[in-house]
Amino acid sequence: MKTRRRLVAGALAVALGVPAPAAAWPPARLRLLVAYPVGGLSSEVARALAEVLTRQLGVPVIVEHRPGAGGTLAIDAVARAAADGGTLAFSAITPLTLAPLLGPLPYDPQSDVQPVIGVMATPVLVVGTPALAAGDWPGMLALARQRPGALRWATSGIGTTGHLVLERAAAAAGVAVTHVPYKGGGQQITDALGGQFELLSTNLAPVPLRHVRDGRLRALAVTGAGRHPALPEVPTLAEQGLAVANLVSTFALFAPGATPPALVQRLNRALDAALGDAALRRLLQQADNEVLGGSAQALAQRIEGERAMHRSWLARPR
C-alpha cells in the first residue's frame, strides 16, 4: 500500500509540474563496494563499518569486493549504480586524483562520482622482504644504484598511493626499480613473505606490523608527519631526505554522481555517526590511522588539493 501511494504521489507531482517526493532512505539493503580484495586493512575496515551501519540503520549492509586497476573498478561500478543511496564505494581517493592524470577512464571523476565522507588517512610502510640483501633504507638505495632495475618493488596497484611513493622516492633518490603491481593487500603480503620481490609499499596496518615484529619483514621507512609509535626506530621518508614521497593514503566513501544533494547529506550524517563508534575508531587508530569524518564538502576539497598536487608533480621537468 505504501509503495502504491508513493507511485500515485509521484505521478501526481509530475502531472502538476512539481518535484516528486524523495525516495525513502535507507533502502531495504545497502551495498558497499570495496575497491580492494579480502585480506587488507580496507577490507577489515569496510566490514566493521558495515556492521555498525547495519545496527544503526536497521537494514543489512552488504560488502562486495571489486578489486583491481588501483581502485578504478569499484569507482566505475558506483558511477554506474542507481543514484538512490543504495550503493556506495569505499576506496582510496587516488582513482579521482591520480588515475585521471595517467590515462582515460570509463567515468568522469568530477561528475560521475561524488564524495560522501572521508574515512581515514593511512601512513604507508615500505618493507624489505627476505629477498632483499639490505637491512635499511640507505643499504637498499646502494643496491639499487649498483643494479639499476634489479630490485622489484610491489604495490597494491598502478595509480595507488603506494605506487606514487615508489615513483617519487625512486625519482628523488635517482634510482631505477621495477614496479610489481597487485590488486590489493592480501596476496602481496603472502608473496612478500615468500620473497617473490624485494620491496613492498603497503598501508600501515596490523598484519604487516605483526610480520615486522616477527622479523619476517624489515621496516625500511614510513610516511606521515612523524614516526609511527609502534616503529619508533623507523624513520619517515621525509627524514631520509625524500619529503616529496612522504605521502599518506586517504580512504573515503563515494556515491553515484547523480545522487541528490539532500540524500548525500543524509548519507554523510549516517556515516559520520558510524565513524563515532568506539570499536570502529579503535580499529582505525590501532595502526595510527587518522579518523576523518566531517562534511562531504571537506572531502571534496581534500580531493581537489591532492589532484592539484599530483598534477604539479607530473608536470615537473625531468
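The values are calculated or read from the model by the stated rules, or taken from the named source; none is laboratory data. What you see is a predicted model, and the numbers here were worked out from it, not measured in a lab. Ideal geometry is used to build each Cβ from the backbone, glycine not excepted, and the neighbour counts take in all protein chains shown.
How about region 125-151: which of its residues are loosely packed, with under 14 Cβ neighbours inside 10 Å and of a type in the set (D, E, K, R)? Within region 125-151, Arg145, Arg147 meet the criteria.
Kindly indicate whether Gln188 is surrounded by fewer than 24 Cβ atoms within 10 Å (Cβ to Cβ) and in contact with a strand residue (DSSP E or B) (Cβ under 8 Å, 6 or more places away or on another chain).
On the way: surrounded by fewer than 24 Cβ atoms within 10 Å (Cβ to Cβ): no; in contact with a strand residue (DSSP E or B) (Cβ under 8 Å, 6 or more places away or on another chain): yes.
Here the answer is no, as Gln188 does not meet what is asked.
Taken over region 55-77, the criterion of being in contact with a Gly (Cβ under 9 Å, 6 or more places away or on another chain) and either hydroxyl-bearing (Ser, Thr, Tyr) or not in a strand (DSSP E or B) (or both) is satisfied by Pro67, Gly68, Ala69, Gly70, Gly71, Thr72, Ala74. Looking at this structure, is Leu267 more than 16 Å from the chain's Cα centre (by Cα), within 30 Å of His211 (Cβ to Cβ) and hydrophobic (A, V, I, L, M, F, W, C)? In short, no. Quick check on region 299-308: of everything there that is surrounded by 14 or more Cβ atoms within 10 Å (Cβ to Cβ) and not charged (D, E, K, R), which residue is nearest to Val119 (Cα to Cα)? Per the stated criteria, the residue is Leu299.
Inspection of region 125-147 identifies at least one residue that is within 16 Å of Thr236 (Cα to Cα), touching a residue at least 12 places away in the same chain (Cβ under 8 Å), part of a loop (DSSP other than H, G, I, E, B) and among the small types (Gly, Ala, Ser).
Scan region 20-37 for residues that are assigned to a loop (DSSP other than H, G, I, E, B), closer than 16 Å to Phe251 by Cβ and not small (Gly, Ala, Ser) and the total you get is 2. Modelled with pLDDT under 95, surrounded by 15 or more Cβ atoms within 10 Å (Cβ to Cβ), outside the structural domain of Gly139 (by TED's automatic domain parsing) and in contact with a strand residue (DSSP E or B) (Cβ under 9 Å, 6 or more places away or on another chain), is that true of Asp272? Against the criterion (modelled with pLDDT under 95, surrounded by 15 or more Cβ atoms within 10 Å (Cβ to Cβ), outside the structural domain of Gly139 (by TED's automatic domain parsing) and in contact with a strand residue (DSSP E or B) (Cβ under 9 Å, 6 or more places away or on another chain)), Asp272 does not qualify. Restricting Ala315, Ala273, Ala298, Ala278 to those that are out of contact with any helix residue (DSSP H, G or I) (no Cβ under 9 Å at 6 or more places or on another chain) and within 23 Å of Ala255 (Cβ to Cβ) reduces the list to Ala298.
Which number in (1) in contact with a Leu (Cβ under 9 Å, 6 or more places away or on another chain); (2) of a type outside the set (Gly, Ala, Ser); (3) surrounded by fewer than 21 Cβ atoms within 10 Å (Cβ to Cβ); (4) at pLDDT 95 or above marks the one condition that Gln110 misses? Checking Gln110 against (1) in contact with a Leu (Cβ under 9 Å, 6 or more places away or on another chain); (2) of a type outside the set (Gly, Ala, Ser); (3) surrounded by fewer than 21 Cβ atoms within 10 Å (Cβ to Cβ); (4) at pLDDT 95 or above, the one that fails is (4). Considering region 32-51 alone, what residues qualify as being at pLDDT 95 or above, surrounded by 19 or more Cβ atoms within 10 Å (Cβ to Cβ) and not small (Gly, Ala, Ser)? Listed by number, the residues that qualify are Leu32, Leu33, Val34, Leu49. Of the residues Gly103, Gly71, the single one that is under 22 Å from Thr155 (Cβ atoms) and surrounded by fewer than 19 Cβ atoms within 10 Å (Cβ to Cβ) is Gly103.
Is it the case, given these coordinates, that Leu204 is under 18 Å from the mean Cα position of the chain (by Cα), not assigned by TED's automatic domain parsing to the domain that holds Gly86 and not acidic (Asp, Glu)?
Numbers: under 18 Å from the mean Cα position of the chain (by Cα): yes; not assigned by TED's automatic domain parsing to the domain that holds Gly86: yes; not acidic (Asp, Glu): yes.
When the stated conditions are applied, Leu204 passes them.
Restricting region 207-233 to residues that are within 20 Å of the chain's Cα centre (by Cα) and either in a loop (DSSP other than H, G, I, E, B) or assigned by TED's automatic domain parsing to the domain that holds Ala274 (or both) leaves a set whose member that is modelled with the highest pLDDT is Thr223. Just so you know, in region 1-31 the residues that are under 31 Å from the mean Cα position of the chain (by Cα) and among the basic types (Lys, Arg) include one that is modelled with the highest pLDDT, and it is Arg31.
Annotation: Ala79 fulfils all but one of (1) without any contact (Cβ under 8 Å) to a residue 40 or more places away in the chain; (2) within 24 Å of Gln301 (Cβ to Cβ); the unmet one is (1).
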